[in-house]
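K.L.:
Take this structure first; my questions come after.
The values are calculated or read from the model by the stated rules, or taken from the named source; none is laboratory data. Source: prediction; values computed, not measured. Just the protein is used for accessible areas: all its heavy atoms, side chains included, with ligands, DNA and RNA removed. Shrake-Rupley method; radii C 1.70, N 1.55, O 1.52, S 1.80 Å.
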Amino acid sequence: MEDSLRDCSKGEQYAGYRKSDLTEMIQKIVYEVTQIWVDSEKTNLLDTKLGICPEDFLYIFDLLEKKLHVPAADILIGRSYRVMEMDAMSGALLELLE
């Protein structure tokens, strides 16, 4: 298998992305859209303490889709609200890239 397409279950990269890369991408996109820096991977982006406006999620998912070329909003299908924790979100996006 090519180096850029490895088994992500071993913590390696898939399609050029590691889970940590996706977490960092989410952080940067959230900041770009909201000017809010989220530094904990366990922080749920839906937490009202963060102050992210609901409509900002449209822009966040749009930018994720443009960067990753996958339907990023599909991570919401069949999952609980916990998928909005950055750690869980990056894992779900990694699954979409498979």
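K.L.:
Taking a probe of 1.4 Å, how large is the accessible area per residue of the stretch 18-98, in Å²?
P.N.:
Details: 4700 Å² over 81 residues.
Averaged over the residues of the stretch 18-98, the accessible area is 58 Å².
K.L.:
Also, I was wondering about something else. Mean 1/r over all different Cα pairs, inverted: what Kirkwood radius does the stretch 16-98 give, in Å? Walk me through the intermediate numbers first.
P.N.:
Numbers: mean 1/r = 0.0795 Å⁻¹.
Evaluated on the stretch 16-98, it is 12.6 Å.
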